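A.B. asks: A single structure is presented below for examination.
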């Protein structure tokens, strides 16, 4: 099993003046400590289950380009970009730039978007859910075309491109991996089967629910004649180490349970990540233990 780190909050005691230094230290510990991936959210306001909207929130791709310059081996991505935030072709160009400058370490994390407040607040159109999924599928098709030898037009229902030119191409060939985040059985997991290299499932409902979602994904793969084992199964959990929270054995047991139901890459966020010690503990005491799961 591989372990990834998500950083969803940047409101730390030292304030925004120290934010760059703290984030850089987190990235370097994760890079040196054996974490497989490093993720930020793609939001413009803080989301309700993490903190008030007024809390610090960095723009995702600016943060990832900063992190690319500080790290050597860890994979980088957003968990996940809402399809409504950026025109798909510009998103693909942004992700390509990250891939080239990180020397082939970028993942396109994408989903249908959900946080209506930041859309309304910043004047970003927020269409109905059905249309957001239509746009998501077209964005995935645009990514595939821009990361291919076909630089001709794209004529979709929502997006029309006269050229799909993308130069330079990503360093990863045939393209950077695509991760689709979300638990929806009818649309999200079917899009995973059709287009993605990885899914991302939330563990807050328990391992049993995650296992059920994987069964649904397997059925979609069978329906579209896709090999289920081609898709990396990732999860997202919150881990807080400490005397009043989780112990190292607790965390190892959590990862073992996820591994047993088929998760291959467990991504965690750590509420007190700015203290650094928790991720140092994960690196030294947890990652070596779960690597063989």
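Only the coordinates and a few stated rules stand behind these numbers; no lab work does. Computed from a predicted model, the values in this text were never measured in an experiment. Note that each Cβ is placed from the backbone with ideal geometry, even for glycine, and that neighbours are counted across all protein chains shown.
A.B. asks: Build a GNM of the chain with springs between Cα atoms under 10 Å: which of 160, 145, 264 gets the top mean-square fluctuation?
C.D. replies: The residue that fluctuates most here is 160.
A.B. asks: Please give the peptides 220-226, 162-168 ranked by average Cβ packing (other Cβ atoms within 10 Å per residue), highest first, as a rough proxy for protection.
C.D. replies: In descending order of packing, they fall as 220-226, 162-168.
A.B. asks: Over what distance in Å are the Cα centres of the stretch 184-261 and the stretch 27-98 separated?
C.D. replies: Cα centroid of the stretch 184-261 versus Cα centroid of the stretch 27-98: 20 Å apart.
A.B. asks: For helix 88-101, report the angle its Cα long axis makes with the longest principal axis of the Cα atoms of the chain; keep it between 0 and 90° and round to the nearest 10°.
C.D. replies: Its long axis makes an angle of about 50 degrees.
A.B. asks: Further, regarding this structure: Output the 0 to 90 degree angle, nearest 10, between the alpha-carbon long axis of helix 207-223 and the longest principal axis computed from the alpha carbons of the chain.
C.D. replies: 30 degrees
A.B. asks: Need one word for the stretch 122-239: rounded, prolate or oblate. Basis is the Cα gyration tensor (sqrt eigenvalues a ≥ b ≥ c); a/c below 1.5 gives rounded, then a/b vs b/c decides.
C.D. replies: The shape class here is prolate.
A.B. asks: Moving on. Can you give the angle from 0 to 90° between the axis of helix 129-146 and the longest principal axis of the chain, with both taken from C-alpha atoms, to the nearest 10?
C.D. replies: 80 degrees
A.B. asks: Kindly provide the helix-only [θ] at 222 nm of the chain, computed as the sum of -39,500 (n - 2.57) over DSSP H runs of four or more divided by all residues, to the nearest 500 deg cm²/dmol?
C.D. replies: Per the formula, -11500 deg cm²/dmol.
A.B. asks: Ok, one more. Only bridges with both residues in the chain count here: give the DSSP antiparallel percent, nearest 5.
C.D. replies: If I count the DSSP bridges inside the chain, around 5 percent turn out antiparallel.
A.B. asks: Oh, and also: Sorted by mean Cβ packing within 10 Å, highest first, what order do the peptides 277-283, 195-201, 18-24 take?
C.D. replies: Packing order, densest peptide first, comes out as 195-201, 277-283, 18-24.
A.B. asks: Sort 133-143, 207-217 by the packing proxy (mean of other Cβ within 10 Å over each peptide's residues), most packed first.
C.D. replies: With the highest mean Cβ count within 10 Å placed first, the list reads 133-143, 207-217.
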